[in-house]
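What follows is one structure encoded as structure tokens, with my remarks underneath.
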Amino acid sequence: MVPSVADAAEPRLELNTWAVLRALIRLSATLELQYPANFFASMFGTLFWLTMAVLTVALFYSHTTHLGGWSFWETVALLGVFNALVGVVEGVFRPGIGSLAEQIRHGSFDLVLTRPVDAQLYLTFRELDLWRIADFVLGLSLAGYAMHKLGRPLDAAHALAFFITFASAIAVLYSVWLALMCLAFWLVAIENLPTVFDALFEAARYPASAYPKALRLVFVYLLPVAWTTTIPASALVGRLSMLGVVESVGVGCAALLVSRLVWRAALRRYTSAGG
Amino acid sequence: MSHAITAQDLSKHYRVKVRDPGLRGALYALVSPRYRDVTAVDRLSFQIEHGEIVAFLGPNGAGKTTTLKMLTGLLYPTAGTVTVAGCNPWTGGSAFKSRITLVLGNKQQLLWDLPPEETFRLNKAIYGIPTEVYEAQRTELVDLLGLGPLLDTPARQLSLGERMKCELAAALLHRPTILMLDEPTLGLDVTAQDAIRRFLLDYRARHNATMLLTSHYMADITALASRVLMIDRGRLLFDGSLNALVARTTPLKRIELTLAEGATPEQIARFGEIHHFEFPHATIDVPRDEATRASARILMSGAVVDVSIQDPPIEDAIRLAFAEAANTERPPAPPLVPLVPRP
């Protein structure tokens, strides 16, 4: 049957961000479930890494009782937060936006841009390494255990403060990662950019106050490392004021905004140059 | 009704960094970069009607892909205007993107480790296709392309031809009315190429879709395109039917002869210019519009037992057209055939 011209008109389209998000997450789950061994590999890797990290911190504390004003179990709680964020970086950021340079080089980015979907959103969730949820869960479990050792059960107010500052931390990390990856639009070879990010993020493994003052100022104001682990961990152990929580929300929102502007500038450059 | 695609004085200039060879050149370029302007597309103007299939012809670097990218909104032009499916590609947003599709023969959108069905479902979400429309369109595409047995096989296990069919299905689920096809049959065997061509013609018939196509396979162009846009170094050299292009560039036709016993070159030379003579075969060139009459006369003369009129390969016609254009003084390079404004 040959449809009439009226039938040939395009179907009515209802563009739905949530539907795309759901579809992408479902796809990643479908893909990852094919390789369940990855879950155990990820689990054992994380357990090993966490043990080593705790032992290193214990080594520090065998010489001192406080690191930048933080006690042993407070630092372990921070380590747990750090590891939970590692899970987000490895599970979401690296496979998603991390593939940007490759997609630009291979030209598949063009196909993304011709579809009615926000390219940033699509790239962010295009591929997820869902088994890295092990890092996330084990990290938060370690933080919980440290809280137990500190003898500070988490009340609702602290839990909420932690949840908010942790979300801001993810926003900050995401923004730094996105802005760095956007450099792919200007520079051709960017293999070293993830290394820059890793080096920076590595600094978040210890409380910001443990660093010399100059470096501390850099981590707070210039490279927002302090906002990624120190602030949420402070909220968890009850070191953060209400103002700190509000500030972290401000920093998170500002970071997202700036990175979105960088993204748009990058896209403008891509479409005006290219070839 | 407005045109499906309109381009008016479309131009694209790039600034490219130039540097001298060697380490010295590299250092110098770092300190004081120099730039050169490259014109990729130079004042292209054309209109394409709804339901037309138009092929872009041109050597590598002619500006075909740059033009396609401007028409799909991937590149901003330096100058000129474009309207595709009633939209400006750069401001048309989702409405524009939902009316077009871009298929790149050397790039894929299929999810590599998953069956094509998963890509289809993702596109359903991306284009927000209502379930009943999706089911109808999916059924149609699966039937037309014969995808049934392929749908649950991971894309990486499909052959190139099977994968291209699935690519096309994924790109057409939202029922676009404008198809930009960049080398859609690249690397496919003859059977698969033929299947893709038949499908595209069928899709056009069903949906009155407009197609803009680039291909290095002449068979794609002859089977699909009713019209060609020939571009070289960013300029439009020819806009018209393939037959008109061939007639314009190759005014001669070649006649293959099977000679009768005792036929001599002198006898044969009376009918046309001898290209090759080796008993019992010979070929002669005659003016295109005299070919039929000449063959009749040769047969009557008794010097031959069989004749067959050959069209020169289209590749030759196109090669000649580009050679002719290259010899033309530039600028201003006049088109080979006056560009008649289309109705």
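Only the coordinates and a few stated rules stand behind these numbers; no lab work does. Being a predicted model, the structure only gives us computed values, none of them experimental. Because the Cβ atoms are built from the backbone with ideal geometry, glycine has one as well, and the counts that use them run over all protein chains shown.
Quick notes
- By the rule of a C-alpha distance below 25 Å, with chain neighbours fewer than 8 residues away ignored, the lysines paired with B:LYS97 are B:LYS12, B:LYS64, B:LYS69, B:LYS107, B:LYS124, B:LYS165.
- Nearest-20 debye value, the protein assembly as shown charge dipole, Cβ charges on Lys, Arg, Asp, Glu: 2180
- Angle between chain A longest axis and helix A:156-182 axis [Cα atoms, degrees, rounded to 10]: 50
- The angle between the Cα long axis of helix B:314-327 and the longest principal axis of the Cα atoms of chain B comes to about 90 degrees, rounded to the nearest 10.
- Evaluated with a Cβ-only charge set (Lys, Arg +1; Asp, Glu -1), the range A:33-272 carries a dipole of roughly 380 debye about its Cα centre, given to the nearest 20.
- One Cα centroid belongs to the range A:113-136, the other to the range B:49-79; the line between them spans 31 Å.
- Each Lys and Arg adds +1 at its Cβ and each Asp and Glu adds -1 at its Cβ; summed about the Cα centre, the range B:127-272 shows a dipole of about 500 debye.
- Hull volume in cubic angstrom per residue (convex hull over the Cα atoms of the protein assembly as shown): 226
- The slack in the chain from B:THR264 to B:GLU132, taken as 0.36 nm per residue of separation less the alpha-carbon distance, amounts to 40.2 nm.
- Candidates A:ALA233, A:ALA143, A:ALA157: whichever shows maximal mean-square fluctuation once chain A is modelled as a Gaussian network with Cα springs under 10 Å: A:ALA157
- Where N is the number of residues in chain B, Cα Rg divided by 2.2 N^0.38 Å: 1.23
- Of A:SER241, A:SER175, A:SER99, the one that fluctuates the most in a GNM where chain A has Cα springs shorter than 10 Å: A:SER241
- Reachable aspartates and glutamates, given that their alpha-carbon falls under 12 Å from the alpha-carbon of A:LYS149 and they are not under 8 places away in the same chain: A:GLU74
- With helices as the sole contributors, chain A gives -21000 deg cm²/dmol at 222 nm; each DSSP H run of n ≥ 4 counts as -39500 (n - 2.57), and the sum is divided by every residue.
- Computed helical MRE - 222 nm, chain B, DSSP H runs ≥ 4 contributing -39500 (n - 2.57), nearest 500: -11000 deg cm²/dmol
- Angle in degrees between helix B:190-207 and the longest Cα principal axis of chain B, rounded to the nearest 10: 70
- Annotation note: chymotrypsin sites (Phe, Trp or Tyr not before Pro) in the range B:47-127 located in DSSP loop regions with a Cβ neighbour count of at most 16 within 10 Å are B:TRP90, B:TRP112.
- Separation in nanometres of the label points that stand 7 Å from Cα toward Cβ, at B:LEU299 and B:TYR35: 6.6
- Residue-span extension gain [B:GLN8 to B:GLU273] - 0.36 nm each, minus C-alpha spacing: 90.9 nm
- Remark: spin-label model distance B:MET218-B:VAL18 equals 3.7 nm, labels positioned 7 Å along the Cα→Cβ axis.
- Once the gyration tensor of the Cα atoms in the range A:180-267 is diagonalised, the equivalent ellipsoid follows with semi-axes of 27, 17, 10 Å, ordered largest first.
- Farthest toward positive dipole pole in the range A:33-272 [+1 Lys/Arg, -1 Asp/Glu at C-beta], among A:LEU222, A:LEU33, A:ALA169: A:LEU222
- Comparing B:ALA269, B:ALA29, B:ALA192 in a Gaussian network model of chain B where C-alpha atoms under 10 Å apart are linked, the largest mean-square fluctuation is found at B:ALA29.
- Since only B:GLY161, B:TYR28, A:SER272 are under comparison, the one whose Cα sits farthest along the positive direction of the charge dipole of the protein assembly as shown, derived from C-beta charges on Lys, Arg, Asp and Glu, is B:TYR28.
- Computed extension length for A:ASN192-A:VAL258: 21.5 nm, one decimal, from 0.36 nm per residue of separation with the Cα-Cα distance subtracted.
- With the charge dipole of the protein assembly as shown set up from +1 on Lys and Arg Cβ and -1 on Asp and Glu Cβ about the Cα centre, the Cα lying farthest toward the positive end among the listed residues A:VAL88, B:LEU74, B:LEU299 is that of A:VAL88.
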